[in-house]
Amino acid sequence: MNNISLPDLNKARFRSAGYKAEIIRNALDLNDVQRNLGSGLNYHVITYGCQANVRDGEVISGILEEMGYAHTELLEEADIIILNTCAIRENAEKRVIGEIGFLQNYKRIKPSLILGLCGCMAQEDVIVKQIMEMFPSVQLIFGTHNIFELPKLIENILVNNEKSVKVYSRQGNIYEGLPSVRTSPFKASINIMDGCDKFCTYCIVPYTRGQQRSRLREDVLSEARQLVSAGYKEIMLLGQNVNAYGKDLSSDNGDFARLLAEVAETGIPRIRFMTSHPWDFTDEMVDAIAKYDNIMPFVHLPLQSGSNSVLKRMGRRYTNDEYIALFDKLKSKVNELAVSTDIIVGFPDETDEDFEDTLKIVEYCKYDNAYSFIFSPRPGTPAAKMTDSIPMEVKKERLQRLNGRLAYYSKMNNLKWEGRTVEVLIDGPSKNNPTVYSGYTPQSKLINFTLKEGQIGDIINVKVTEGRKNSLNGEQE
Ligand code: SAH
Ligand code: SF4
Ligand code: F3S
């Protein structure tokens, strides 16, 4: 095989009008050699980034297990370690480069160890070149579009003793029926679409994940039904922009509101979805969330900025007034809705007034939870080329001020739950104290509680005893 094919971020920007993704149902056609390549060997996958990457990590694990590999938690026992990476901000990338450096130690001790890199960083030409130069011992690199080729790529390394570096910039198919190892026996994610066509000017995702491709409604529903019959309690419907679900399919497939309603009808106890762009959030979506009790009252509604001029330069396609109108509509129609958000500070040339506009929206929306970031220029994106006169010190001060307000409202919202009873899906023992359990409320609030009876995966009633900054405390009723 031609075993080296590098990505080209420039090519990744093109979209074909009227493009229909091909649905490939039997991409993983293993031959006998590939089926046994991993027998007696162990794998370890390290995943960074968003839920879409976590889901890809589950598929990568599934493919490795089909090849005979067994999972190990211990790096020193692994025969293949795959870093499933994220490119959203420079920090994320720096961490991965550091981690590859660290993993060199294991490679020195066990020279047969295969070090692999995949995910969004693998789609960046500059990064792939840099990693190949800095770390010649990384033998395996593949991208977000060709996970199904993993067996062939590993075979090439083990049988021909050659490197496998294969990344496609523009391929955009939908692969159905790939195996996967789900990380939880009661909470599952379903990818309803991949890619993004929004091209917010700061964001690298449309380049690393390709053109928007929605899965057929029937395929999503049949996955949901399988999960219900396997006893799952919660399904998270995933997409970079779930509101746009189905726009690339024929109209009889239906839109996100219809999909949401039909997944609710499967009877799964809890449904969540991520991420919904404020633009294009239809009334039908709002109505579906309000109507079904098993659609959890929680919406992640990324604001990014409260300034109209910044929003415009970000390419977000809504104004602050439109955002507030949607927020109000959601809050008035969905009982006890919790809202979280993402905010970027220090976008190129963001003025003090722009930043104050962001704070104003924060004061108005009083978010339950929020993720805030300093703008990070991403190669190949329009915002990376914009002039920027704002010193990093100012950006850091703004972030600090913003975080202070976000923490205040997070705590205020949590305090409101004190004394009330909430339904909690038990995740397992809490991080810091194994006698205390943790889980999430319908509003997606982390709660630590004492358990009288019940087990992991059960939904139980918990009385909230304390609202903290980032979590609740409680006791089972
Ligand atoms: N599809 C989702 C966002 C995925 S990325 C959406 O549109 O809401 C998650 C968050 O990372 C974004 O909401 C944004 O706040 C942040 N982000 C993306 N690119 C960034 C960049 N270049 N610098 C800083 N933050 C960024
Ligand atoms: Fe990035 Fe915007 Fe697409 Fe979200 S909608 S993934 S922020 S381009
Ligand atoms: Fe990161 Fe790629 Fe997700 S850049 S946020 S892993 S789509």
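Each value in this text was obtained by applying a stated rule to the coordinates, not by laboratory testing. What you see is a predicted model; the values in this text were computed from it and never measured. Note that we place each Cβ from the backbone using ideal geometry, even for glycine, and neighbour counts take in every protein chain shown.
Observations on the model:
- Reachable lysines, given that their alpha-carbon falls under 22 Å from the alpha-carbon of K20 and they are not under 8 places away in the same chain: K11, K198, K247
- Here's how it looks for Y371: its modeled amide H is under 5 Å from those of T341, D342, I343, which are all 5 or more places away or on a different chain.
- Mean residue ellipticity at 222 nm, helices only, the chain: -10500 deg cm²/dmol; runs of at least 4 DSSP H residues each add -39,500 (n - 2.57), and the sum is divided by the number of residues.
- For region 63-109 and region 114-139, distance of Cα centres in Å: 12
- Whole-angstrom gap from region 364-423 to region 147-181, using each part's C-alpha centre: 38
- Table column - 3J(HN,Hα) (Hz), region 391-404, Karplus curve with 6.51, -1.76, 1.60, x for Gly and Pro: x, 4, 4, 5, 4, 5, 4, 4, 4, 5, 4, 4, 4, x
- Shown in residue order for region 304-319 are the 3J(HN,Hα) couplings computed by the Karplus curve 6.51 cos²θ - 1.76 cosθ + 1.60 at θ = phi - 60°: 6, 7, x, 9, 4, 5, 5, 4, 5, 6, 7, x, 7, 6, 9, 9 Hz (x for Gly and Pro).
- The local environment of D427, defined by Cβ-Cβ distances under 12 Å, has a net charge of +1 under the rule Lys, Arg +1 and Asp, Glu -1.
- Cys residues of the chain that find no other Cys beta carbon under 4.7 Å: C50, C86, C118, C120, C196, C365.
- Taking θ as phi - 60° and the Karplus parameters 6.51, -1.76 and 1.60, the scalar couplings of region 368-374 work out to 5, 7, 7, 10, 10, 9, 8 Hz in sequence order, x denoting glycine and proline.
- Region 194-218-region 258-273 distance, computed between alpha-carbon centres (Å): 23
- Between L359 and M412, the contour length at 0.36 nm per residue exceeds the Cα-Cα span by 17.4 nm.
- Summarising the amide proton neighbourhood of Y69: residues at separation of 5 or more, or on other chains, whose placed amide H is nearer than 5 Å comprise G38.
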